[in-house]
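A.B. asks: Before I ask anything, let me first share the structure, which is written out below as structure tokens.
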Amino acid sequence: MFIRKGLILVSVFLLATICFPRTTAAQENPYFVAYDHYLEEPGNLEIEYFSTFGTQRGGNDFHSFWTEFEYGVTAWWTAELYLHGQTTFGDSTIFTGIRWENRFRPLKREHFINPILYVEYEHKSGADKILKEGEGHDVEADLLTPNALARRDLINEMELKLILSSTFKGWNFTENTLAAKDLSNSPWEFGYALGASRPLALKASAKRCTLCPQNFVAGVEMYGGLGDRYHFGLRDTSHYLAPVLGWNLPSGWTLRISPGFGLNDNSHQFLLRWGVSREISGFGSMVGRLFRGRP
Amino acid sequence: MKIRAVGLCLATLLICTCFPSAIEAQQTGSSTSKQKAKESVYSEIGKAPEKARAQHNPLEKDPDAVAAGQILFEQRCAECHGDTAEGRKKGPSLRAAEIQTAEPGAIFWVLTNGVVRKGMPVWSKLPAPQRWQLVSFIQSLGAAPPKPETSPTSSAQPPAAKGAFLPRR
């Protein structure tokens with residue numbers, strides 16, 4: 001039963017990637033939590049599967065997972081749909097919700113600091129454990145509630161982010177500030193994510209290769225909560241530091257891995273994240289042709 | 001009767017005089033609109049600031065730059081600009097004289113900044129040396145031979161006029 005529910009998301013990912021064989025080589029950042037200012041290429045669809053294994057003091061460890069569909073609507077607008085779930089060992093596997101996010105690039109040209117506006121709506125249960133961001137006073141102890149109880153708590157949340165990202169001498173530096181609001185009567189909560197990454201080589205090789213250093217991007221990200229409207233600050237918040245590594249294969253696949261470490265007593269001691277994604281080029285045109293009836 | 005004959009002669013004269021000039025005007029108008037579309041497609045190159053234009057390709061003498069640029073082009077650019085860079089619906093030809101005779105710095109600037117409002121993404125996600133490798137490859141292609149002129153009544157449009165950097169959805 002546990003495996004079946006978890007496999008649904010994996011199957012969605014696999015089916016989607018197998019059905020659309022036209023791929024393009026991706027140049028993805030390796031981050032799991034932080035966002036940079038690069039949006040999806042227009043008309044391309046990226047299908048991603050991510051997992052997080054987390055340790056839980058005072059309870060059972062968990063494995064959360066999500067499938068993400070990221071589509072480049074235009075060169076200045078990217079939309080994403082997430083489906084997520086989790087398995088708590090010794091408890092159960094459950095579907096925990098969906099999220100719909102949009103990123104907008106307000107400036108036409110590249111600048112030293114490039115802003116991106118992010119708007120998200122999330123419908124999830126209290127059992128959600130994907131830890132895709134640090135916000136408010138979220139701490140490790142919040143995830144101790146058994147799934148059967150936690151899933152009864154339904155949350156509709158809006159989240160806004162300001163993403164400021166720079167590229168300098170091959171390095172990407174990004175800083176995300178977030179404000180989230182549970183649409184019930186809850187205060188605004190705040191959080192942050194920082195990231196830095198760089199390809200292992202800046203020049204491309206003149207030979208076709210999979211293991212060339214330019215296909216690997218390494219970096220580090222740090223994220224956590226900043227309290228809420230009434231208690232802003234670092235008190236009773238959790239924070240993580242995570243090295244990240246991404247491998248962009250010429251076949252269009254990207255593999256990512258990141259061991260994360262809690263930086264204070266409120267954080268999970270260890271999070272291991274990994275992910276696989278595939279970029280499908282010309283998805284928008286394919287769908288357009290389907291409905292226009294042209295060959 | 002006489003008046004009718006004179007009227008008919010005048011009408012014939014008018015038609016004979018005006019029709020060829022109308023066709024000529026149509027031809028001129030068509031080529032003007034083509035020219036305008038082409039200009040608008042490549043106008044981004046002209047927007048590159050002087051400082052960007054003045055930049056020299058640091059990989060100009062790198063023997064591997066073109067080969068590496070070709071691989072990058074196939075992976076990142078061919079989807080929109082075509083395998084031979086002669087343009088597709090989504091992206092214009094990169095073998096047009098406007099690109100081939102442009103300063104390398106101007107092409108690098110367009111790659112870096114994209115043409116976001118018209119559908120071309122920002123490519124600064126590629127490190128600068130890779131963008132220069134792309135510039136080397138693009139300018140190594142040379143101008144494509146001119147395509148035969150199509151009749152003015154044909155609905156076919158040149159690649160430049162059709163797509164520009166616009167994704168057609």
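The values are calculated or read from the model by the stated rules, or taken from the named source; none is laboratory data. Every value quoted in this text rests on a predicted model; they were computed, and no experiment measured them. Using ideal geometry, Cβ is built from the backbone for each residue, glycine included, and neighbour counts are taken over all protein chains shown.
A.B. asks: Which residues, taken from segment A:34-89, are within 14 Å of chain B (Cβ to nearest Cβ), touching a Pro at 6+ places or on another chain (Cβ under 9 Å) and surrounded by fewer than 19 Cβ atoms within 10 Å (Cβ to Cβ)?
C.D. replies: Hits for segment A:34-89 are A:Val73, A:Trp77.
A.B. asks: Just to verify a result, which residue in segment A:243-295, among those that are within 14 Å of another protein chain (Cβ to nearest Cβ), of a type in the set (Val, Ile, Thr) and not in a helix (DSSP H, G or I), is farthest from A:Pro213 (Cα to Cα)?
C.D. replies: Per the criteria, the residue is A:Ile280.
A.B. asks: Out of all the residues in segment A:157-168, is one or more closer than 24 Å to A:Asp36 by Cα, surrounded by fewer than 16 Cβ atoms within 10 Å (Cβ to Cβ) and within 11 Å of another protein chain (Cβ to nearest Cβ)?
C.D. replies: Yes; the residues of segment A:157-168 include at least one that is closer than 24 Å to A:Asp36 by Cα, surrounded by fewer than 16 Cβ atoms within 10 Å (Cβ to Cβ) and within 11 Å of another protein chain (Cβ to nearest Cβ).
A.B. asks: Looking at B:Gln139, B:Gln133, which is the one that is at pLDDT 90 or above and facing chain A (nearest Cβ under 10 Å)?
C.D. replies: On the way: B:Gln139 fails: facing chain A (nearest Cβ under 10 Å).
The conditions single out B:Gln133.
A.B. asks: Look through segment A:129-146, keep the residues that are within 15 Å of A:Gln86 (Cα to Cα) and touching a residue at least 60 places away in the same chain (Cβ under 8 Å), and return whichever of them is surrounded by the fewest Cβ atoms within 10 Å (Cβ to Cβ).
C.D. replies: Checked segment A:129-146; the qualifying residue surrounded by the fewest Cβ atoms within 10 Å (Cβ to Cβ) is A:Leu144.
A.B. asks: Given (1) part of a loop (DSSP other than H, G, I, E, B); (2) basic (Lys, Arg); (3) surrounded by fewer than 19 Cβ atoms within 10 Å (Cβ to Cβ), identify the lone condition not met by B:Lys51.
C.D. replies: The one condition B:Lys51 does not meet is (1).
A.B. asks: Further, regarding this structure: Here's a check for you: in segment A:111-128, which residue that is within 14 Å of chain B (Cβ to nearest Cβ) and buried (at least 20 other Cβ atoms within 10 Å of the Cβ) is farthest from the chain's Cα centre (by Cα)?
C.D. replies: Here the answer is A:Asn114.
A.B. asks: Right, something else. Could you list, in sequence order, all residues of segment A:218-237 that are assigned to a loop (DSSP other than H, G, I, E, B) and in contact with a strand residue (DSSP E or B) (Cβ under 6 Å, 6 or more places away or on another chain)?
C.D. replies: Here is the first cut: in segment A:218-237, the residues assigned to a loop (DSSP other than H, G, I, E, B) are A:229-231, A:233-237.
Within segment A:218-237, A:Gly233, A:Thr237 qualify.
A.B. asks: Right, something else. So in segment A:187-206, with the set limited to residues that are surrounded by fewer than 22 Cβ atoms within 10 Å (Cβ to Cβ) and hydroxyl-bearing (Ser, Thr, Tyr), which one is modelled with the highest pLDDT? Reasoning before the result, please.
C.D. replies: Taking segment A:187-206 as the starting set, the residues that turn out to be surrounded by fewer than 22 Cβ atoms within 10 Å (Cβ to Cβ) are A:187-188, A:190, A:192, A:194, A:196, A:198, A:200-203, A:205-206.
With the extra rule that they be hydroxyl-bearing (Ser, Thr, Tyr), the set shrinks to A:192, A:205.
On the way: A:Tyr192: 98, A:Ser205: 93.
Once the filter is applied, the top-ranked residue is A:Tyr192.
A.B. asks: Turning to a different aspect of this structure: Go through segment B:90-122 and give me each residue that's more than 9 Å from chain A (Cβ to nearest Cβ) and either without any contact (Cβ under 8 Å) to a residue 40 or more places away in the chain or assigned to a loop (DSSP other than H, G, I, E, B) (or both).
C.D. replies: Those that are more than 9 Å from chain A (Cβ to nearest Cβ) and either without any contact (Cβ under 8 Å) to a residue 40 or more places away in the chain or assigned to a loop (DSSP other than H, G, I, E, B) (or both): B:Gly91, B:Pro92, B:Ser93, B:Leu94, B:Arg95, B:Ala96, B:Thr101, B:Ala102, B:Glu103, B:Leu111.
A.B. asks: Let me ask something additional. One residue is enough: does segment B:64-71 have a residue meeting the conditions under 17 Å from the mean Cα position of the chain (by Cα) and modelled with pLDDT of 90 or more?
C.D. replies: Looking through segment B:64-71, none of the residues is under 17 Å from the mean Cα position of the chain (by Cα) and modelled with pLDDT of 90 or more.
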